[in-house]
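J.: Mind looking over this structure? Questions follow.
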Amino acid sequence: MHTGTIKKLVRERGFGFVSDTDGRELFFHQSGLIDAKFDTLNEGQAVTFEVEKSDKGPRAIDVRIA
């Protein structure tokens, strides 16, 4: 499990980016949220997540509000 914060939200498209504790920026999609609704998220909010490989590089999945 990784920890980080929400860096940017693109509400009209349903995705965003999280910054992990190593400084990496990872894409996440609203379908990757666990126990949270996308429209309740805020930039700067602490989250935990898993990382998976995708065709476009690593992405955050199983994103939860910390």
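The values are calculated or read from the model by the stated rules, or taken from the named source; none is laboratory data. Note that the coordinates shown come from a computational prediction; the quantities given were computed from them, not determined experimentally. Here the Cβ positions follow ideal geometry from the backbone for every residue, glycine too, while neighbour counts run over all protein chains shown.
J.: Would you confirm, using the coordinates I've provided, whether Asp39 is within 10 Å of the chain's Cα centre (by Cα) and modelled with pLDDT under 95?
T.: No: the conditions fail for Asp39.
J.: Ok, one more. Taking segment 1-31 as the region of interest, how many residues are of a type in the set (Gly, Ala, Ser), farther than 15 Å from Ala66 by Cα and out of contact with any His (no Cβ under 8 Å at 6 or more places or on another chain)?
T.: Result for segment 1-31: 3.
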